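Written out below as structure tokens is the structure these notes cover.
Nothing in this text is a laboratory measurement; each read-out follows from the coordinates by a stated rule. Quick caveat, the model's predicted, so the values are computed rather than measured. Here the Cβ is made from the backbone with ideal geometry for all residues, glycine too, and neighbour counts use every protein chain on show.
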């Protein structure tokens, strides 16, 4: 016996939503999950290599096999066939140096070496084949394009090799900001390295990224130039995939088929420097930077690693100068404020109107009203206070009236003067703070793994961590110190799959 539709056991979901809608949801959910990566935001920073293959007469050549190989890893990344117009296109390439090979029966094999592709670049390499056998190889060196002809973007790039050779001031904590200041179309505020402008645009109009993963502000805490292979700036005519006008991207280093290791040490010492013009004592200035990195294959032609440890130790001192009360002021004697010039609270004072020294201090407990002699110009009474006088000395407060609480604060937090004139409260105290004005201890750790799953699929994971420590002075006076431990972390897992030369999901 067949049960009619709608009878039989009913699940909780079917009771809530009905049988057919719930079955539809169960069917569509896996499909939606499969489509989700295509709808998610892709990785910016990948590049494209394109060109046209012609014969000796200049005619276009369809059906030519074009192979692109990454030189550093020896991995063949793409194999494409030119279309009816002789065009080829190889998308989703990372920054690096490549080798292009073009073959077709009846023509010599052409090998184009040393094709360098920057991040987020569309590069054209046109190829012309010669008549001959495919066993004959013609090798040429790929020259860099001087002018970008494939897009209207205006930008520039700065390589990690350039950074190693550049005289960056005090190593600048390995920040990319001093690097940006050296690049075209970029201007920084004087004295403020975080004030970055690209082609006149700044602040909310700028974005940054790391390995193509965008951040919504110019946070540079997890970017260490020791780990950077390239800094790429797009200042004008940015493409629609970027939310803002100006954008810069840092590309991290990665492993290759060769093992590489590097250890370096940077040192700065005040023994070789001059004392500051306004410094009474030259503070200790020491700076130590340690770099240790390594890279290579885990599985040749397939899996690669890269790692970096960067440490900064800054056991240096800072010199501070400030204004503190003189010895007389600490006891209530402000006679040094007197100027010898008098003024009156009355307009055009006459005989009998009060006059006070312009540097006088007044007793707030003695307010009273007076009538000025010139009532036409002073129709209302004027409220004044009596100037301080003690034992016949003007601008001196009776010591018995000094509150003990402010005196205790003064004694504990305001040091005695140690420089300058005894009666001058201007820049009369100098002291050496046993820490620098910025971080005194920092560690950076970067790890990256790249893996080739197949000719059409690759994946990598990268982690960057930054642990700085600070002891800072808040007010230029001893005793107003505070500590800070600020951490920054950045990680990315990127999978790139090429379905066809025109369809790439990252």
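Can you sort 331, 214 from fewest to most other Cβ atoms within 10 Å of each residue's own Cβ?
With the fewest neighbours first, 331, 214 line up as 331, 214.
Quick one: if you stick a label point 7 Å off each Cα along the C-beta vector at residue 467 and residue 327, how many nm between them?
That separation, rounded to one decimal, is 5.0 nm.
What is the order of 305, 499, fewest Cβ neighbours within 10 Å to most?
Result, fewest neighbours first: 499, 305.
Out of all Cα-Cα pairs in segment 47-141, roughly what percent, to the nearest whole number, are more than 20 Å apart?
When all Cα pairs of segment 47-141 are counted, 30 percent exceed 20 Å.
Given q = 0.08, 0.11, 0.15, 0.16 Å⁻¹, what are the Debye log10 I(q)/I(0) values for segment 354-499, with equal point scatterers placed on the Cα positions and solvent ignored?
-0.59, -0.77, -1.01, -1.05
Give me the Kirkwood hydrodynamic radius of segment 327-412 in Å, from all C-alpha pairs, to one decimal place?
14.7 Å
Order these by the 10 Å Cβ neighbour count, fewest first: 402, 77.
Values: 402 14, 77 21.
So the ranking, lowest neighbour count to highest, is 402, 77.
If I take every Cα pair under 8 Å that is 6 or more residues apart in segment 327-412, average their sequence separation and divide by the length, what percent do I get for the relative contact order?
Here the relative contact order equals 29 percent.
Over segment 280-347, what is the mean sequence separation of C-alpha contacts under 8 Å (at least six apart), divided by residue count, expressed as relative contact order in percent?
Details: 58 pairs, mean separation 20.8, N = 68.
31 percent.
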